[in-house]
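All of the numbers you see were taken from the coordinates with simple rules; none came from a lab. Since the structure is predicted, the reported quantities are computational estimates derived from the model, not experimental observations. Because the Cβ atoms are built from the backbone with ideal geometry, glycine has one as well, and the counts that use them run over all protein chains shown.
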Amino acid sequence: MSVIDFSKKDLVALAPLAGYTDLPFRTLAKEFGADLTFSEMISSNALIYHSKRTHKMIKKSPIETPYIIQIAGSDLEVIKEAVLILNDIEGIDGIDLNCGCPVPKIVSQNAGSSLLNDLDQMARVIETIKRYSKKRYTSVKSRLGFDKKIASDIALMAQKAGADFITFHARTRAGKYKAPVDFEPIKEAKELVDIPIIANGDITSLQKAKDVRELTNCDGIMIGRGAIGNPWIFYQIKNDLKYLSKDKIAEIVLRHYDLMIDFYGQKGVAIFRKHIHNYSKGLVNASEFRDSINRVEDIKLVRDMIEEFFRS
Ligand SMILES: Cc1cc2nc3c(=O)[nH]c(=O)nc-3n(C[C@H](O)[C@H](O)[C@H](O)COP(=O)(O)O)c2cc1C
């Protein structure tokens, strides 16, 4: 099992992003230097009912190491079953508990961000993962709180319950994805616990990465939306790269597309459309390009259209 190196405090992780950070995307992020990757959120219920789609979502890329599976849930029996299933899958280095998801379907099951309203239950879920998991890491990805900022309470509780590290998204659940990020509570939490803390929220450049590291003294940073349409951000942050040539971008978009087709087959054409949207944002004639490519299903023709648009 592989070890996460927190010692240099320069770790950069790719955030779990449901609908985006599938195996092809994570492969690309790894190729650009992401140190740590997480699966998209996996419902522990779906996992125990052996949903085919869920098992595809878990699959890891050969270069993805260390690799963490993120699960959502709060029913201790279901969590235990899910952990036992993951124990039998090789190549997984850790299990992360989602404590941030604001989606009603998850919250109504007392999972995701609703655990932030019940730290005792959150502790029991962490303890259950820790107790049954044979993987090296048990971790938590949390917001600062449900509506109040209680990151220090969460960090102390998670550490006591057995978490090996915590990631904090620098907003409360009430702050959704728009409230200004606040890294101060993460700094305070970091002073109180011994386990590593990863800071997350609106980090989109080397300067922001530096500012967050300096302010919080965190052990790593995590990037989510900043990597969508921009998976080379990991290389940029590590190498202070300001500019990427058009040809290089074309090469990356094509590489992403090829990975999607390898993984999903024909279905990859439709799934890739959202990525085309993100890669082409702000470019000349992008909306005409999207309009025409959205109507094409042929794998080779779509590839040729991508090549022509991004290289011209
Ligand atoms: C489309 C989308 C999907 C997300 N899916 C997940 C998820 O599956 N699990 C999770 O813990 N957080 C999820 N998040 C939250 C992100 O991991 C991250 O905490 C948040 O976007 C803030 O970081 P950022 O500003 O770098 O994107 C998602 C966010 C977005 C925008």
Percent relative contact order for region 246-311, counting Cα pairs under 8 Å at least six residues apart, stands at 48
Taking the alpha-carbon centre of each part, the distance from region 40-100 to region 125-139 in Å is 12
Among the Cα-Cα pairs of region 141-251, the proportion with separation greater than 20 Å, in percent, is 43
Relative to the chain, whose Cα atoms define the longest principal axis, helix 299-311 and its Cα axis are tilted in degrees, nearest 10, by 80
Output for region 3-82 (equivalent-ellipsoid semi-axes, sqrt of 5λ from the C-alpha gyration tensor, Å, descending) is 24, 15, 10
About its Cα centre, region 231-304 carries a charge dipole, from +1 on Lys and Arg Cβ atoms and -1 on Asp and Glu Cβ atoms, whose size in debye to the nearest 20 is 220
Dividing the mean separation of Cα pairs under 8 Å (6+ apart) by the residue count of region 79-165 yields a relative contact order in percent of 34
tail above 23 Å in the computed P(r) of region 11-239, as % of all Cα-Cα pairs, reads 42
Farthest towards the positive end of the dipole of region 34-136, among 133, 100, 47 and with Cβ unit charges of +1 on Lys and Arg and -1 on Asp and Glu, lies the Cα of 47
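Inverting the mean 1/r over all pairs of different Cα atoms, compute the Kirkwood radius of region 137-193 and quote it in Å.
Details: mean 1/r = 0.0892 Å⁻¹.
For region 137-193, the Kirkwood estimate is 11.2 Å.
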By the mean-Cβ-within-10 Å protection proxy, highest first, 300-309, 136-145 rank as 136-145, 300-309
With +1 at each Lys and Arg Cβ and -1 at each Asp and Glu Cβ, the charge dipole magnitude of the chain around its Cα centre, to the nearest 20 debye, comes out at 380
Highest mean packing first, using Cβ neighbours within 10 angstrom, the peptides 204-213, 30-39 sort as 30-39, 204-213
P(r) over all Cα-Cα pairs of region 70-111, 10 Å bins from 0 to the longest distance, whole percent per bin, short to long, reads 28, 49, 23, 1
Using alpha carbon centers only, region 251-301 is separated from region 141-193 by a whole-angstrom value of 36
On each of the three principal axes the extent of the alpha-carbon atoms of region 1-137, given in whole Å and largest first, is 37, 34, 28
The answer for the per residue Cα convex hull volume of region 167-216, in Å³, is 76
In nm², the average projected area of the convex hull spanned by the Cα atoms of region 211-312 is 7.6
